[in-house]
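Since the structure comes first, as structure tokens, the remarks are kept for the end.
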Amino acid sequence: MLTNWKQQEDLDFLKEVSSVPLQQGLRHLQAAFTNFFSGRAKYPNFKKKRHGGSAEFTKSAFKWEDGQVYLAIGCRTITYQME
């Protein structure tokens with residue numbers, strides 16, 4: 001699904017980011033609708049992208065080296081929150 005979306009010209013912005021957070025977002029969406037249809041949760045709400053946001057990465061999507069975080073798409077300046 002994600003591969004097909006990245007090939008569409010009107011969705012070129014998807015190529016600008018790593019596929020890992022996009023895949024994670026789809027997993028979260030799947031879980032939200034599964035919970036909704038099984039009666040465990042309300043209908044999922046769309047979160048607008050203009051209100052900032054956060055990204056979630058799996059362990060294999062980044063590395064920590066010399067005090068910098070290297071993401072799959074290259075080195076980025078980020079703020080982070082440890083939970």
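Determine if segment 35-53 includes at least one residue that is modelled with pLDDT of 70 or more, in a loop (DSSP other than H, G, I, E, B) and under 24 Å from residue 15 (Cβ atoms). Working first, answer last.
The first filter runs over segment 35-53 and keeps only residues modelled with pLDDT of 70 or more, leaving 35-47.
When the remaining residues are screened for being in a loop (DSSP other than H, G, I, E, B), the result is 38-47.
Checking which are under 24 Å from residue 15 (Cβ atoms) leaves us with 46-47.
Within segment 35-53, one or more residues are modelled with pLDDT of 70 or more, in a loop (DSSP other than H, G, I, E, B) and under 24 Å from residue 15 (Cβ atoms).
In segment 7-52, what count of residues is obtained for those that are closer than 24 Å to residue 71 by Cα, under 14 Å from the mean Cα position of the chain (by Cα) and not hydroxyl-bearing (Ser, Thr, Tyr)?
19
The values are calculated or read from the model by the stated rules, or taken from the named source; none is laboratory data. A quick note: this is a predicted structure, and the numbers were derived from the prediction, not measured. Here Cβ is always computed from backbone atoms with ideal geometry, including for glycine, and neighbour counts include all displayed protein chains.
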